[in-house]
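Written out below as structure tokens is the structure these notes cover.
All of the numbers you see were taken from the coordinates with simple rules; none came from a lab. This one's a predicted model, so the numbers in the text were calculated from it and none came from an experiment. Using ideal geometry, Cβ is built from the backbone for each residue, glycine included, and neighbour counts are taken over all protein chains shown.
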Amino acid sequence: MRLDVVSIFPQYLEPLKLSLIGKAAEDGLLDLNVINLRDFTNDKHRKVDDTPYGGGAGMVMMPEPWGQALDSVNSDAEKRPVLIVPSPAGAVFNQQMAYDLAEEDQLVFACGRYEGIDERVIEYAQENFRVIPVSIGDYVLNGGEVAVMVMVEAIARLIPGVIGNPESLVEESHSDVLLEYPVYTKPASWRGREVPETLLGGNHHRVARHRRDEQIKRTAARRPDLIMKLDVDALNRRDRDA
Ligand code: ADE
């Protein structure tokens with residue numbers, strides 16, 4: 001997968017070179033490009049923002065550097081790659097979006113700063129990209145860079161080969177509606193706290209049942225909103241197969 005991130009703070013994206021995502025890039029599974037928006041300015045101050053028409057606080061990102069930057073990263077205008085615009089005004093990012101985006105050949109991320117990007121850039125981009133404004137939650141960040149790191153990590157780990165053991169993707173939180181069950185490792189007794197008895201025995205069916213019950217308890221306590229979405233039939237089928 002090709003990933004292009006356009007930002008005025010390319011250094012902000014450096015952590016993407018670390019850990020599993022960095023290794024995936026080294027292994028050729030990801031072609032990660034971080035592009036400095038200021039490289040598409042023509043003045044000596046490399047200006048990317050200006051005052052808003054109609055007045056108001058703050059600055060707005062100018063259209064021309066964005067127009068040039070987006071033209072430069074579009075690998076195939078015919079195919080209209082996905083352009084993600086991180087914004088608190090976007091649709092809220094979730095695991096299903098991560099699965100869908102992990103299927104794409106190219107993702108472009110446009111990191112806005114200040115009060116946002118001139119709206120005509122978004123309109124123009126729609127000609128050559130499938131534009132998706134995305135929020136990572138109902139709070140306001142100073143810019144899109146941190147949101148991009150969150151999304152890239154969630155998406156890239158779903159690309160085959162990025163995670164050593166793909167089994168670990170199957171039972172994690174949000175892979176179905178339920179949150180993940182609690183996990184334990186050795187020693188079986190630690191500071192007077194015991195690992196649940198069922199997990200010490202080798203009965204796979206009982207272990208699966210125990211974990212399922214823990215998932216339901218945890219989800220009900222922490223995310224009652226998710227319980228409403230639970231597909232009980234699917235859960236029963238999974239239990240029968242376990
Ligand atoms: N930029 C500023 N706040 C944001 C948020 N919550 N999600 C995505 N991008 C943002």
Q) At a Förster radius of 30 Å, what calculated FRET efficiency corresponds to the Cβ-Cβ distance of ASP233 and GLU153, to the nearest 0.05? A) 0.40
Q: Report, in whole Å, the centroid distance computed from the Cα atoms of segment 74-89 and segment 95-141.
A: 6 Å
**Q.** Hits among lysines - C-alpha to C-alpha of LYS23 under 30 Å, sequence gap 8 or more where chains match
**A.** LYS79, LYS186
Q) What size of dipole, in debye to the nearest 20, comes out for the chain about its Cα centre when the only charges are +1 on Lys and Arg C-beta atoms and -1 on Asp and Glu C-beta atoms? A) 1120 debye
Q: Using R₀ = 51 Å, calculate the FRET efficiency as 1/(1 + (r/R₀)^6) where r is the Cβ-Cβ separation of ARG120 and GLU197; round to 0.05.
A: 0.20
Q. Using a simple charge model, +1 on the beta-carbon of Lys and Arg, -1 on the beta-carbon of Asp and Glu, nothing else, what dipole does segment 122-226 show about its Cα centre, in debye to the nearest 20?
A. 660 debye
**Q.** Helix axis angle, 232-241 relative to the chain longest principal axis, alpha carbon, degrees
**A.** 60 degrees
Q: Determine the principal axes of the Cα atoms in segment 79-138, then give the extent along each, sorted from largest to smallest and rounded to whole angstroms.
A: 30, 30, 13
Q: Can you figure out the FRET efficiency of ASP225 with LYS186, using R₀ = 45 Å and their beta-carbon distance, to the nearest 0.05?
A: 0.80
Q) Stretch LEU141-ARG240 to full length: gain in nm at 0.36 nm per residue minus the Cα-Cα span? A) 31.1 nm
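Rounded, prolate or oblate: which fits segment 171-241 when a ≥ b ≥ c are the square roots of the eigenvalues of the alpha-carbon gyration tensor, with rounded for a/c under 1.5 and prolate only if a/b beats b/c?
oblate
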**Q.** Share, in percent, of DSSP beta bridges within the chain that are antiparallel, nearest 5
**A.** 15 percent
Q.
Could you tell me which residue out of GLN68, LEU37, GLN96 lies farthest along the dipole of the chain toward its positive end? Charges go on the beta carbon: Lys and Arg +1, Asp and Glu -1, centred on the Cα centre.
A. GLN96
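As a check on your grasp of the helix formula, calculate [θ] at 222 nm for the chain: sum -39500 (n - 2.57) over DSSP H runs of n ≥ 4, divide by the residue count, round to the nearest 500.
For the chain, the value works out to -10000 deg cm²/dmol.
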**Q.** Extended-chain gain in nm, criterion 0.36 nm per residue less alpha-carbon gap, ARG209 and ARG38
**A.** 56.0 nm
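Any idea what % of Cα-Cα pairs in the chain are farther than 24 Å? Can you show the working numbers first?
Numbers: 16539 of 29161 pairs.
Roughly 57 percent, once rounded to a whole number.
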Q: Using a/c under 1.5 as the rounded threshold, could you call segment 107-225 rounded, prolate or oblate? The axes a ≥ b ≥ c are square roots of the C-alpha gyration tensor eigenvalues, and prolate needs a/b larger than b/c, oblate otherwise.
A: prolate
